1. Provide a single number: the residues in segment A:205-228 that are closer than 14 Å to residue A:282 by Cα and open to solvent by less than 50 Å² (accessible area, probe 1.4 Å).
2. If we keep just the residues of segment B:131-148 that are away from chain A (no Cβ under 11 Å) and touching a helix residue (DSSP H, G or I) at 6+ places or on another chain (Cβ under 7 Å), which is surrounded by the most Cβ atoms within 10 Å (Cβ to Cβ)?
3. Which count do you get for residues in segment A:232-244 that are in a helix (DSSP H, G or I) and surrounded by 21 or more Cβ atoms within 10 Å (Cβ to Cβ)?
4. Restricting attention to segment A:251-264, and to residues there that are over 20 Å from residue A:106 (Cβ atoms) and touching a residue at least 24 places away in the same chain (Cβ under 8 Å), which single residue is surrounded by the fewest Cβ atoms within 10 Å (Cβ to Cβ)?
5. Out of A:137, A:155, I need the residue that is open to solvent by 10 Å² or more (accessible area, probe 1.4 Å), over 19 Å from residue A:326 (Cβ atoms) and of a type in the set (Phe, Trp, Tyr). Which one?
6. Can you work out which of the residues in segment B:32-45 that are over 14 Å from residue A:92 (Cα atoms) and either at pLDDT 85 or above or out of contact with any Asp or Glu (no Cβ under 9 Å at 6 or more places or on another chain) (or both) is most open to solvent (accessible area, probe 1.4 Å)?
7. So, in segment B:87-99, how many residues would count as being in contact with a Pro (Cβ under 8 Å, 6 or more places away or on another chain) and away from chain A (no Cβ under 11 Å)?
8. Of the numbered conditions (1) open to solvent by less than 10 Å² (accessible area, probe 1.4 Å); (2) not in a loop (DSSP other than H, G, I, E, B), residue A:318 fails exactly one; give the number of that condition.
Amino acid sequence: MNSEASTQQLSYIANQASDARVNIELETEGMTLNLGPQHPATHGTLRIIVRLDGEQVVSAEPVMGYMHRGYEKLTEVRTYPQVTTLVNRIDWLGSFANEVPFILAAERLMEVEAPARAQWIRTALFELSRIANVVLFLGDMAVQLGATTPVFYAFRDREFVLNQIESVTGGRFHPNFDRIGGIKDDLPKGWIQETKDVLVRIHSFCEEMEDLVVGNEIFQTRTRGIGIIPADTGLAYGLSGANIRSSGVDWDLRRDGGVGLIHDQLDWKVWTHPDGDSFARYWVRLQEVRESCKMVGQILDGIPSGPIMAKVPRIIKVPPGEAYVETENPLGVMGYYIVSKGDLVPYRVKIRSASFNNVSITPWVLKGVYVPDVISILASLYFILGDIDR
Amino acid sequence: MGLVENGKLPGPLTKLLNISRKYSLWVYQWGLACCAIEMGAAFASPRYDVMRLGVIPFPASPRQADLVVISGTVTDKMAPAVRRLYEQMPEPKYVISMGSCANCGGPYWDSYSVTKGVDQIIPVDVYVPGCPPRPEALLEGIVLLQERIASEDMTDRWNRDPIVVT
């Protein structure tokens, strides 16, 4: 890994030197290319100012804030149950996963614990929203490299996952289902069997992607050895989730953090990849979808009976104090730091979202690559704009 | 299309042109926030399949588009870009405002950085409510817009009230 990274750096320096020679001979001028604010490869409204020398990127600067909606200020005037409505919309592809760390932090401050059944259902929905999120990435990354078919497959199979989330929570997209001390409702009748059928579908979708995309020679040529992030650099920039696991760091908060959710009672595996390139990031996410399917299957088999709400007062006042809880969300580590003064509303909420850190490595990783690889790297880093700007 | 806009064409010819415009709406995908994914589901997923309505979601630039779907939160930083995009589109052009955020600010009604309603900066033809609206709601908005285009007289185009999907 380190040798590959140093190879990339060395080739970059060599390219720069040769380009400098050509520039002196031909007197070429640099060019500034604006990617965005509306560009399909940016998943929304990110703008990246790329300075080019010929076909090569000299420097890249992400400009954020086009989707800044002021969450941290808005949470100061919303009561605790209202906050979940807002934070749903941070990472809009895996909405339920956004609520979980906030609710866990509030529960820690109130010193209540959700009953076992609520925790199991929470974990099932957490993993289902991860599937809904990453399945779209698997199709979308291919479409950005020029293959149109996988995204249709992704939307087709994602609908079934959304159906399952909707039949429990009533919300196709933004469930707003998690409550302090439990969850809102119990599972509907027949849901467990239907979900098992959907999991079979997602498994076959993963097989399809393995054949269509991962095994594709063009895809491999465009992603292998492109955008290598060494483990130490990734950690220094604060990367998390599949982005850092594909650099060979074996770190997953579902296994290592272990608060509130029941991942430690399930049998699953954390996948890593030693290469750290765009291909590795795709491959690791593909394996994670499979692991999530496995986890949901185990949860459906072992879900305990019992109540779904702990005893919580009707009007929720959180006692004074501070709490920070982070979980392994679909995009990486997401955490909420809540400061409470014993009021109906939080005094201050700091949101640590994964994509902000994931995208801040772009100036480093885009340096010296060619223009088509910019798209491949941006797509494989997989950020969501609501998650960057909040 | 200039003659149509002046209202100088005979009625049957206008009707013919209106039918052809109705079934070849090129829609520019202006994905901003959460609604963009539901718009993607309406446009790219086999379950909803917008192309059977004669709507083509593949223009490479706003200059080739007849319809734009403003899907998601418009922030004050984004608003100039939205305005500029709208001005680049050729006449006759239509705007669908999708979702609560684009309609009126939605859950961010008291935020300091969100434009409360895209109709403050560009004229809107169809409002689709919801947070986010289901893909069916967006399709309903498109169908209603097509009905209006079919019976459209260009001379009083700007005097009409916008459609609200209910």
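The values are calculated or read from the model by the stated rules, or taken from the named source; none is laboratory data. Just so we're clear, the structure is a prediction, and the values are computed from it rather than from any experiment. All Cβ positions, glycine included, derive from the backbone under ideal geometry; neighbour counts span all protein chains shown. The area values use the complete protein model at the heavy-atom level, side chains included, leaving out ligands, DNA and RNA. Shrake-Rupley method; radii C 1.70, N 1.55, O 1.52, S 1.80 Å.
1. 10
2. B:138
3. The number of residues fulfilling the criteria is 4.
4. Among residues in segment A:251-264 that are over 20 Å from residue A:106 (Cβ atoms) and touching a residue at least 24 places away in the same chain (Cβ under 8 Å), the one surrounded by the fewest Cβ atoms within 10 Å (Cβ to Cβ) is A:263.
5. Just one listed residue meets the conditions, A:155.
6. My answer is B:44.
7. 4
8. All conditions are met except number (2).
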